[in-house]
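What follows is a set of notes on a single structure, which appears directly below.
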Amino acid sequence: AGGALALLMAAGALAGPAVAQGTPNGGSAGVALAAAPDSAVAGELLEVRLRDLRPTQPAIGHDQIHYKLGRYAGSKDEARGNPNKRFDDWCEANGQEEAANAGPAATLADPASFACTLAVGEETADSVAVMKTVVVGPGGSLHLTDGHHTLTSFLETPDGGPDTKVRLRVSDNLSHLPTDAFWQEMRDRDLVWLQAPDGSTLSPADLPHGLGLARLGDDPYRSLVYFTRDIGYTPPSDAPEYLEFLWGRWLRTHIDLGATDLRDPAAYLTVIEEASRAMVAAPGDTEIAPGRTADRLGRLAEWNDGKKATGGEWAKLSVPVDEARPGKLGYAVDSRGRVPAAPDCTRTVTGRHDGPLLAASGVLCLDNATVRGPVVVSAGASLLSSGADISGPVSAVAARTVALCGTTLDGPLSVVGIRDRLTLDGHGCTPNDLRGPVAAVGNAKG
């Protein structure tokens with residue numbers, strides 16, 4: 001292990017002085033640990049809070065997150081004598097391979113409560129190579145370039161949250177560049193994905209300001225590609241950035257997800273088979289994206305890697321959630337089904353809104369909006385706030401539904417007599433940042 005790490009350091013990949021890291025998972029660090037974002041150099045490891053990361057893509061596959069949330073919330077890993085997968089995932093993301101043990105009181109928020117197979121200071125070239133990556137931008141801003149799904153899963157699970165810490169590998173420090181030059185450099189290096197799920201082109205200003213289901217849009221084709229892994233394609237060792245998005249964009253022209261009930265595991269499984277077989281059937285020189293062929297993007301020569309439908313990744317994927325070892329799809333559909341259904345929006349606010357907002361009737365939806373002013377919900381109306389940033393009071397009396405997820409609120413919140421459902425937390429609801437006083441009286445909880 002030491003030899004492999006020494007090679008990386010000699011090559012400059014882990015340059016810089018070793019810094020002791022006072023975490024319970026190990027002793028002194030054998031890998032360079034950046035003291036602060038603006039001083040970090042490429043190859044150093046930087047400990048961050050999830051709340052401080054900025055996405056470099058507008059969307060994720062929500063069903064991939066729901067697979068993780070379903071598995072993290074279950075006890076079937078423990079029933080087989082293993083730590084829950086969330087600890088394996090955290091250890092791998094932190095450069096420490098997988099979990100060695102995690103007792104009943106273990107939480108992601110407290111790394112002292114569990115142990116990884118590699119202690120801090122024992123990292124190997126391989127364990128560092130698979131860590132998630134970040135680019136330091138102007139003002140020391142932290143732009144996540146790999147790991148949006150993994151880290152969103154940590155943020156969304158009840159024992160994690162936005163203050164959960166994890167180390168990331170710094171791929172570059174571009175903090176010296178002006179903002180426009182920084183984003184041009186990110187584009188030139190293919191380190192930012194500026195395409196919405198509907199295919200429209202975005203600007204860097206349109207990117208979400210943080211991680212979470214409420215902030216990152218849902219791209220169902222990105223989830224579809226995730227479920228076809230090792231059935232229709234396998235990521236190559238030299239995979240380009242945003243590999244799954246490239247496949248997803250191609251699948252949009254071959255598969256109509258709008259015609260499929262993705263709440264039905266059997267129907268979902270059928271469309272996954274259709275997609276994976278389309279990937280395999282594409283000739284190897286098919287251009288999936290400009291300059292990128294199917295073979296270059298990991299197309300498998302045979303469906304399910306040549307195994308029968310009763311074996312391989314296909315057989316594992318399709319195991320129902322009530323079995324001892326459920327497949328990814330079963331966990332995902334079950335987890336998504338536990339999120340309370342939301343009423344349809346009658347008015348949606350996006351972007352910036354200055355001044356008061358009144359929901360006099362119907363359903364007012366704030367979709368990653370920035371609101372500078374009070375928000376008032378009248379009796380019988382509803383408010384759904386997802387990823388919004390509100391600086392002003394929010395009040396609702398005798399409203400039908402009030403749901404705040406992934407919302408930053410600088411003013412007071414007053415909710416009284418909510419008739420159908422008040423949601424401020426819970427499964428699938430990104431944690432809020434409520435900075436003012438909260439008064440909640442006589443509400444139906446959902």
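Brief remarks follow.
- Filter result for ASP77 (of a type in the set (Asp, Glu), in a helix (DSSP H, G or I) and under 27 Å from ASN173 (Cα atoms)): no
- Failed item in (1) part of a helix (DSSP H, G or I); (2) touching a residue at least 24 places away in the same chain (Cβ under 8 Å); (3) in contact with an Asp or Glu (Cβ under 6 Å, 6 or more places away or on another chain), with VAL321 passing the rest: (1)
- In region 129-152, the qualifying residues are those that are within 20 Å of PRO431 (Cβ to Cβ) and among the β-branched types (Val, Ile, Thr), and the one that is surrounded by the fewest Cβ atoms within 10 Å (Cβ to Cβ) is THR150.
Here is a yes/no grid of residues against (1) closer than 26 Å to ASP163 by Cα; (2) touching a Pro at 6+ places or on another chain (Cβ under 9 Å); (3) modelled with pLDDT under 95:
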{"site": "PRO178", "(1), (2), (3)": "no, yes, no"}
{"site": "TRP183", "(1), (2), (3)": "no, yes, no"}
{"site": "ARG187", "(1), (2), (3)": "no, yes, no"}
{"site": "TRP193", "(1), (2), (3)": "yes, yes, no"}
{"site": "GLY199", "(1), (2), (3)": "no, no, yes"}
{"site": "GLY212", "(1), (2), (3)": "yes, yes, no"}
{"site": "PRO220", "(1), (2), (3)": "no, yes, no"}
{"site": "LEU224", "(1), (2), (3)": "no, no, no"}
{"site": "TYR233", "(1), (2), (3)": "no, no, no"}
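Yes/no per residue for (1) under 28 Å from ASP425 (Cα atoms); (2) out of contact with any Phe, Trp or Tyr (no Cβ under 9 Å at 6 or more places or on another chain); (3) buried (at least 20 other Cβ atoms within 10 Å of the Cβ):
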residue: GLN96; (1), (2), (3): no, no, yes
residue: THR124; (1), (2), (3): no, yes, no
residue: SER127; (1), (2), (3): no, yes, yes
residue: PHE154; (1), (2), (3): yes, no, yes
residue: LYS165; (1), (2), (3): yes, yes, no
residue: ASP180; (1), (2), (3): no, yes, no
residue: ASP188; (1), (2), (3): no, yes, no
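- Restricting region 379-395 to residues that are open to solvent by 40 Å² or more (accessible area, probe 1.4 Å) and assigned to a loop (DSSP other than H, G, I, E, B), the residue that is nearest to GLY428 (Cα to Cα): PRO393
One line per residue, one yes/no per condition, for (1) modelled with pLDDT under 95; (2) under 22 Å from ASP63 (Cα atoms); (3) touching a Lys or Arg at 6+ places or on another chain (Cβ under 9 Å):
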{"residue": "ALA381", "(1), (2), (3)": "no, no, yes"}
{"residue": "GLY387", "(1), (2), (3)": "no, yes, yes"}
{"residue": "LEU413", "(1), (2), (3)": "no, no, no"}
{"residue": "THR423", "(1), (2), (3)": "no, yes, yes"}
{"residue": "ALA439", "(1), (2), (3)": "no, no, no"}
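- Test: residue in region 79-90 that is at pLDDT 95 or above, touching a Lys or Arg at 6+ places or on another chain (Cβ under 6 Å) and open to solvent by less than 40 Å² (accessible area, probe 1.4 Å): no
The rows are residues; the columns are (1) open to solvent by less than 40 Å² (accessible area, probe 1.4 Å); (2) free of Cβ contacts under 8 Å to residues at least 24 places away in the same chain; (3) out of contact with any helix residue (DSSP H, G or I) (no Cβ under 7 Å at 6 or more places or on another chain); (4) within 19 Å of LEU194 (Cα to Cα).
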position	(1), (2), (3), (4)
TYR233	yes, no, no, no
LEU246	yes, no, yes, yes
ARG252	no, no, no, yes
PRO265	no, no, no, no
ASP305	no, no, no, no
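- Of everything in region 32-63 that is assigned to a helix (DSSP H, G or I) and open to solvent by 20 Å² or more (accessible area, probe 1.4 Å), the residue that is modelled with the lowest pLDDT is ASP38.
- Odd one out for SER175 among (1) assigned to a loop (DSSP other than H, G, I, E, B); (2) open to solvent by less than 20 Å² (accessible area, probe 1.4 Å); (3) under 30 Å from GLU123 (Cβ atoms): (2)
- In summary, THR228 fulfils each of the numbered conditions (1) open to solvent by 30 Å² or more (accessible area, probe 1.4 Å); (2) touching a residue at least 40 places away in the same chain (Cβ under 8 Å); (3) among the hydroxyl-bearing types (Ser, Thr, Tyr) with the single exception of condition (1).
- Of VAL271, VAL280, all but one fail to be touching a residue at least 24 places away in the same chain (Cβ under 8 Å), more than 25 Å from the chain's Cα centre (by Cα) and either in a helix (DSSP H, G or I) or surrounded by 12 or more Cβ atoms within 10 Å (Cβ to Cβ) (or both); the exception is VAL280.
- In region 326-348, the residues that are without any contact (Cβ under 8 Å) to a residue 24 or more places away in the chain reach residues that are open to solvent by 80 Å² or more (accessible area, probe 1.4 Å) and not β-branched (Val, Ile, Thr) with C-beta atoms within less than 7 angstrom, at least six apart or across chains, in these pairs: GLY327/LYS316.
- The lone exception for SER223 - which of (1) within 21 Å of ASP334 (Cα to Cα); (2) open to solvent by 40 Å² or more (accessible area, probe 1.4 Å); (3) not aromatic (Phe, Trp, Tyr) it fails: (2)
The values are calculated or read from the model by the stated rules, or taken from the named source; none is laboratory data. Since the structure is predicted, the reported quantities are computational estimates derived from the model, not experimental observations. For neighbour counting, all protein chains shown are included, and Cβ atoms are generated from backbone atoms with ideal geometry for every residue, glycine included. Remember, those area values only see protein heavy atoms, side chains included, never the ligands or the DNA or RNA. Shrake-Rupley method; radii C 1.70, N 1.55, O 1.52, S 1.80 Å.
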